[in-house]
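Engineer: The structure under discussion is supplied below as structure tokens; questions concerning it will follow.
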Amino acid sequence: MSGCSVPARWAAVSDVGLVRRRNEDAFRILPEQGRVVLADGMGGHRAGDVAAQMAIDTFCAELAALIDGGAAPPAALPLAVSRANAAVYAAGRSDARFAGMGATLVAGVLVPEGLVYAHVGDSRLYRWRGGCLQQLTCDHTMLQDLVGAGMISPEQARQVPFRGLLTRALGVGPEIEVDVGHADLQAGDVLLLCSDGLTDMLEDDEIVTRLRSGGDVHDWATGLVADANAHGGRDNITVVLAQLG
Ligand code: CA
């Protein structure tokens, strides 16, 4: 199961939103290799930008080295995320300007059998198939822990003020636990990777409405960002879409 070129149409939009002064989200698509990664940075001054970019640069370099060296994506992905974590953590410790910086990360590698993915934090991966939207990642947030434990309902969860409180993020500690998964894919399936600036502004059924509105991946990416801004645009919004050929 090595990374390979699986035909897909890609589209992405990253937008600062209506409130924030800088866009601390970042993403990279490597269509030839069927690889994608998205990160949402956090930290004062410019540290969020630095954390997200460093996470992506390190992740991509490490993933390429591991896969070129013969590692299979299910093993290479979490290792590359761990090394990205180590880089962000070390930078935060060695430079006072970057103290406390961190980032979420969600990444995928297309393989003949489908998609291998990994994530840390609350940036999400969804699969859209046959009119049905399925969230493949589970947020690493205090809120998700409470919902998962049945302590608050999903309805109550929409009202809580601490939606963004992460239980896991890159750069916080020397070690990181990485969730890894595999999804099968069919022709026509759409993968959606996004930062919480999309999902804090739109419920899943509002994302579905946009995906049902016709057009192609470019129209949906642009439309989803416009929808998030129409709902307030309180955070940076990044949407990456891939439709399998
Ligand atoms: Ca965010």
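Engineer: Using 0.36 nm per residue of separation minus the Cα-Cα distance, give me the extension gain between ARG46 and THR222 in nm, one decimal.
Structural biologist: The ARG46-THR222 span can extend by a further 60.7 nm.
Engineer: Under unit Cβ charges (Lys, Arg +1; Asp, Glu -1), what dipole magnitude, rounded to 20 debye, does the chain have relative to its Cα centre? It would help to have the intermediate numbers written out before the result.
Structural biologist: Working: 19 positive and 30 negative charges, 85 e Å.
Computed charge dipole of the chain: roughly 420 debye.
Engineer: Work from the charge dipole of the chain (Cβ charges, +1 for Lys and Arg, -1 for Asp and Glu, about the Cα centre) and give the residue of GLY171, GLY92, ALA71 farthest towards its positive end.
Structural biologist: Value computed over the given set: GLY92.
Engineer: Compute the FRET efficiency between VAL160 and VAL19 as 1/(1 + (r/R0)^6), taking r as their Cβ-Cβ distance and R0 = 22 Å, and round to the nearest 0.05. Don't skip to the answer; put the middle values down first.
Structural biologist: Details: r = 19 Å, r/R0 = 0.88.
Efficiency, rounded to the nearest 0.05: 0.70.
Engineer: Taking the mean number of other Cβ atoms within 10 Å as a proxy for protection, how do you rank 45-56, 87-98, 218-229 from highest to lowest? Display every interim value, and only then the final one.
Structural biologist: Details: 45-56: 22.7, 87-98: 17.1, 218-229: 20.2.
Taking the mean over residues of other Cβ atoms within 10 Å, the ranking is 45-56, 218-229, 87-98.
Engineer: While we're here: Within the chain, which complete DSSP H helices have Cα atoms spanning at least 30 Å along the helix axis and a mean Kyte-Doolittle hydropathy of -0.5 or higher? It would help to have the intermediate numbers written out before the result.
Structural biologist: Working: long enough: 47-68 (31 Å, 1.00); 73-94 (31 Å, 0.45).
Sorted by number, the helices that extend far enough and score high enough are 47-68, 73-94.
Engineer: Report the net charge of residues surrounding VAL13, where surrounding means a beta-carbon distance below 11 angstrom and charges are Lys +1, Arg +1, Asp -1, Glu -1. Can you show the working numbers first?
Structural biologist: Numbers: positive: none; negative: ASP15, ASP25, ASP219.
Taking every Cβ under 11 Å from that of VAL13, the sum is -3.
Engineer: Please state the shape class of the range 175-245: rounded when a/c is under 1.5, otherwise prolate if a/b exceeds b/c and oblate if not, all from the C-alpha gyration tensor.
Structural biologist: Numbers: a/c = 2.25, a/b = 1.10, b/c = 2.04.
Oblate, because a/c is 1.5 or more while a/b does not exceed b/c.
Engineer: Once you sort the root eigenvalues of the Cα gyration tensor of the range 66-128 as a ≥ b ≥ c, which label holds: rounded (a/c under 1.5), prolate (a/b larger than b/c) or oblate (the other case)?
Structural biologist: Details: a/c = 4.63, a/b = 1.68, b/c = 2.75.
It is oblate, given that a/c is not under 1.5 and a/b is not larger than b/c.
Engineer: On to the next question. Please work out how much length the chain gains when fully extended from CYS132 to ARG97, using 0.36 nm per residue of separation minus the C-alpha to C-alpha distance, in nm with one decimal.
Structural biologist: On the way: separation 35, 0.36 × 35 = 12.60 nm, distance 4.41 nm.
Length gained, CYS132 through ARG97: 8.2 nm.
Engineer: Something else now. Just report the Cα centroid separation between the range 1-80 and the range 164-208, whole Å.
Structural biologist: A separation of 12 Å, based on Cα centres.
Engineer: Quote the FRET efficiency, to the nearest 0.05, computed for THR209 versus ASP184 with a Förster distance R0 of 25 Å and r equal to the Cβ-Cβ distance.
Structural biologist: Working: r = 26 Å, r/R0 = 1.02.
Working from the Cβ atoms, E equals 0.45.
Engineer: In whole angstrom, and with the biggest value first, how far do the Cα coordinates of the range 151-197 range along each principal axis?
Structural biologist: Principal axes ranked by extent give 39, 35, 22 Å for the Cα atoms.
Engineer: Something else now. Report the convex hull volume per residue for the chain, counting only C-alpha atoms, in Å³.
Structural biologist: Numbers: hull volume 28.2 nm³, N = 245.
Per residue, the Cα convex hull of the chain comes to 115 Å³.
Engineer: Is the range 1-124 best put as rounded, prolate or oblate by its Cα gyration tensor, with a ≥ b ≥ c the root eigenvalues, rounded for a/c under 1.5, and otherwise prolate when a/b is larger than b/c, oblate when not? The partial results should precede the final answer.
Structural biologist: Working: a/c = 2.72, a/b = 1.48, b/c = 1.84.
Since a/c reaches 1.5 but b/c is at least a/b, the shape of the range 1-124 is classed as oblate.
Engineer: Could I ask something else about it? Return P(r) of the range 53-192 (all Cα-Cα pairs; 5 Å bins starting at 0; whole %; ordered from short to long distances).
Structural biologist: Values per bin, smallest distances first: 2, 10, 17, 19, 18, 16, 11, 6, 2, 1.
FYI, it's all coordinate maths here, none of it is from the lab. Computed from a predicted model, the values in this text were never measured in an experiment. Positions of Cβ are generated from backbone atoms using ideal geometry, with glycine treated the same way; all protein chains shown enter the neighbour counts.
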